[in-house]
Amino acid sequence: MAAREISVDVVIFGGGAAGLWLLDDLHRAGYCTLLLEKHALGSGQTVASQGIIHGGLKYALSGKFTRSADAVKSLPTRWRQCLEGRATPDLRLTRLRSMHCHLWSTESLRSMLGMFAASHALTVRPTSIYRDEWPEALKQIRGNVMKLNEQVISPQSFIAELASQHHDRLLKLTDRMSFRFSTTPAGVMAINLDDPDRSHALCINTDHVVFAAGEGNQYLRELAGLPAEAMQRRPVQMILARGPLPPLTGHCIDGRRTRVTITTDRDSQGRIVWQIGGQVSEDGVGMSREELVMHTIKELQSTIPGITLDGVEWTTYTVNKAEGKQKGGRRPVGEVVLHENNVFTVWPTKLVLAPAASQRVMHLLPDARTTPGQRQIVYDQLADWPRPDVASPPWETAEQWISVNSATRV
Ligand SMILES: Cc1cc2nc3c(=O)[nH]c(=O)nc-3n(C[C@H](O)[C@H](O)[C@H](O)COP(=O)(O)OP(=O)(O)OC[C@H]3O[C@@H](n4cnc5c(N)ncnc54)[C@H](O)[C@@H]3O)c2cc1C
C-alpha cells in the first residue's frame, strides 16, 4: 500500500489529562503536534477520577512533605487561573462540581488528631466554619467540620473543552488500524499507520514522541523497545451511589487516612450520584461488588451519623492508577517523566500534576522545527481522518446497580 508521508515536531500517544494538557502547551509554543488516541479521550483514569484539584491534603496527612509535595501546593492556583480564563489552557467552559471540599472528623480521637494535623500542616489551610454552614448531610456530626479550598471539576467537561480546542490535532486509532514504530538507536523516528479502510498508509515522521497513555504506556514502551518495567499499577474499586442523596463533597479524615472521599454530580436523568473513594476504594480491591457495597454502607453510617440511604442504588467500578515505578511499590509523591533518546513517558500521578508533567517535557525539548505554514499543511492533509470521542462518566456506563434497602438499616 502506498504511504502518505508527513513530518511533525511531536507525536503524543494518549488523550487523558496529561496528553491534552501537553498538546495545548506545545501547540501554543509553536510545535506541530499530533495526538493519537486509541479509545475515547480521557478513558482510563481521567474521566473515572473524582476531579479534586488537590492542594496537598494527602501529603499533609502522611507527613510526606518533600519538594515534590511542595510543588503540588502551587498548582491549584494555576488551575484556578485556567478555570477563570486568566492562564492557559483556557478552561472557562470546564464545569465545576464544587468550589471547595469539606473535611470532617468523627468522634474518635484518631479522627480528631487527623483533622488537627491537616489543619496545621497544609499551606492552603482548612478553615473552621460555623455549625449552621455545615452541609446538610453532616449536620449530625459530633466531631468537627472544616472547609478546604480545593475545587472539584467535572473531568469529562475538562477533557471535552480541551478536545474542542484541538480538533485538527486529534487522531483516532481505530480497532481496524495497525501501527508500528520505525526505530533507530536515536529513538522513534516514525509511526507507520495502516488502515484497511483507506487507500494509502500514513507515515508520520517525528522529532519526538511522548507516551501519555496512562496504563497503555507499558505496551507502547515495549513496542518502542524501551524497558517496560518502568510502570506500576495501583488498583482501586470505586463505589457509585445514586438516588435520594444530599450533595456532599469532601473527606472524612481518620488519623493518616481519608476514610471516605465523596464527590457529587448528577447523571443524565438528573439523579444525584455520589462517587466514593478514599480508604474504602482501596479496601475494596479483591472484594466482590456486593461485599464492597455493604462495607461502604457501614462506613458511611459510621462516618456520617444520621445518613439515610433508603432508595439508593449502588454499583462499583475498578480502575488501575498507573504510575511511574517506585522502590517497594510506594506511591510517587509527584509526576514521573522519563526521557530516553527522543521519547518521553509521562505519568502525572494526579490530575492536578498534569501541568507540572507538561512543563517538564517542554523544558527538555529543543525549539520547534516546523513553520506555521508547514503545520497547516499537515492538519489539512489529515482533515478526513477519524477523530476520537470523549469518554462518558462511570455512572453512565456502569451496569448492575444494586438496591439494598434492608441492608441500609444494619
Ligand atoms: C478512581 C480515580 C480517582 C482519582 N481521583 C483524582 C482526583 O480527585 N484528583 C486528582 O488530582 N487525581 C485523581 N486521580 C488520578 C488522575 O486521574 C490521574 O493521575 C490522571 O487522570 C492520569 O492522566 P493520564 O492522562 O496520564 O492517563 P489517563 O487518564 O489514563 O489517559 C490515558 C489515555 O491514553 C489512551 N491510550 C491508552 N493506550 C493507548 C495507546 N496504545 N495509544 C493511544 N492512546 C492510548 C487512553 O484511552 C486514555 O485516553 C484519580 C485516579 C483514579 C483512577
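The values are calculated or read from the model by the stated rules, or taken from the named source; none is laboratory data. Just so it is clear, the structure is predicted and the values come from calculations on it, not from any experiment. Here the Cβ positions follow ideal geometry from the backbone for every residue, glycine too, while neighbour counts run over all protein chains shown.
Details
- Cβ-Cβ distances below 7 Å connect the following pairs, each with a first residue in region 42-56 that is within 6 Å of the ligand (Cβ to nearest atom), a second residue that is assigned to a loop (DSSP other than H, G, I, E, B) and not small (Gly, Ala, Ser), and a separation of six or more residues or different chains: 52/150; 54/150; 54/350.
- Residue list for region 249-292, restricted to those being surrounded by fewer than 23 Cβ atoms within 10 Å (Cβ to Cβ), touching a residue at least 40 places away in the same chain (Cβ under 8 Å), closer than 18 Å to residue 395 by Cβ and aliphatic (A, V, I, L, M): 273
- Matching entry among 239, 272, 204, 276 (being among the β-branched types (Val, Ile, Thr), away from the ligand (no atom under 11 Å from the Cβ) and under 28 Å from residue 308 (Cβ atoms)): 272
- Number of the exception - residue 215 against (1) farther than 15 Å from residue 12 by Cα; (2) among the acidic types (Asp, Glu); (3) not in a strand (DSSP E or B): (1)
- Residue in region 317-370 that is nearest to the ligand (Cβ to nearest atom), counting only those that are outside any helix (DSSP H, G or I) and of a type in the set (S, T, N, Q): 349
- Being assigned to a strand (DSSP E or B), more than 30 Å from residue 303 (Cα to Cα) and among the β-branched types (Val, Ile, Thr) holds for only one residue in 210, 260, 236, and it is 210.
- Qualifying residue in region 65-78 (condition: in contact with a strand residue (DSSP E or B) (Cβ under 7 Å, 6 or more places away or on another chain), modelled with pLDDT under 70 and not polar (S, T, N, Q)): no
- Annotation: residue 303 fulfils all but one of (1) touching a Lys or Arg at 6+ places or on another chain (Cβ under 6 Å); (2) farther than 16 Å from residue 403 by Cα; (3) within 16 Å of the ligand (Cβ to nearest atom); the unmet one is (3).
- The set of residues in region 84-100 being under 16 Å from residue 51 (Cα atoms) and either assigned to a loop (DSSP other than H, G, I, E, B) or at pLDDT below 95 (or both) consists of 91, 92, 93, 94, 95, 99, 100.
- Any chance residue 379 is assigned to a strand (DSSP E or B), touching a residue at least 12 places away in the same chain (Cβ under 8 Å) and not aliphatic (A, V, I, L, M): no
- Residue in region 148-161 that is nearest to residue 393 (Cα to Cα), counting only those that are away from the ligand (no atom under 11 Å from the Cβ) and of a type outside the set (S, T, N, Q): 160
- The number of residues in region 70-105 being aromatic (Phe, Trp, Tyr) and either farther than 14 Å from residue 161 by Cβ or free of Cβ contacts under 8 Å to residues at least 60 places away in the same chain (or both) comes to 1.
- Matching residues, region 1-41, being near the ligand (Cβ under 6 Å from one of its atoms) and aromatic (Phe, Trp, Tyr): 13
- Highlighted here are the strands (runs of 3 or more DSSP E) found entirely within region 114-186 that include at least 2 residues which are at pLDDT below 95: 145-148, 178-184.
- Those residues of region 299-342 which are within 19 Å of residue 281 (Cα to Cα), surrounded by fewer than 19 Cβ atoms within 10 Å (Cβ to Cβ) and among the β-branched types (Val, Ile, Thr), in sequence order: 318
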